[in-house]
Amino acid sequence: MHIEKNMFENIFNTIMNVKGKTKNNMKARMNIPLFYHHKNMELVYDGSLVVKPKVRFALDKNAQLLVYQ
């Protein structure tokens, strides 16, 4: 049962874009060019800043509010 709970929480937190609880971190984004062909999820280097673009499967604020109701 704990495996199912942990899997649900990981997927839910990633989709809801919960700060500090998502598995969608910088280290994971650095591996994307090595293993996958998702250009829209790769890190963007803008001068001295590294920007992590929002993924398409994360919900926006309005959709998140509908889930919590």
key: Volume of the Cα convex hull of the chain, divided per residue and given in Å³   = 119
query = Where only protein heavy atoms count, and the probe is 1.4 Å, what is the accessible area per residue for the chain in Å²?
reply = 87
key: Normalised contact order of the chain, rounded percent, pairs of Cα under 8 Å and 6 or more residues apart   = 25
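Please give the charge dipole size of the chain, origin at the Cα centre, charges +1 on K and R Cβ atoms and -1 on D and E Cβ atoms. Round to the nearest 20 debye.
With only Lys, Arg, Asp and Glu charged at Cβ, the dipole is about 80 debye.
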remark   = Excluding ligands, DNA and RNA, the carbon-plus-sulfur percentage of the accessible area of the chain with a 1.4 Å probe reads 62
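The values are calculated or read from the model by the stated rules, or taken from the named source; none is laboratory data. What you see is a predicted model, and the numbers here were worked out from it, not measured in a lab. For neighbour counting, all protein chains shown are included, and Cβ atoms are generated from backbone atoms with ideal geometry for every residue, glycine included. Side chains are part of the model used for accessible areas, which takes the heavy atoms of the whole protein and leaves out ligands, DNA and RNA. Shrake-Rupley method; radii C 1.70, N 1.55, O 1.52, S 1.80 Å.
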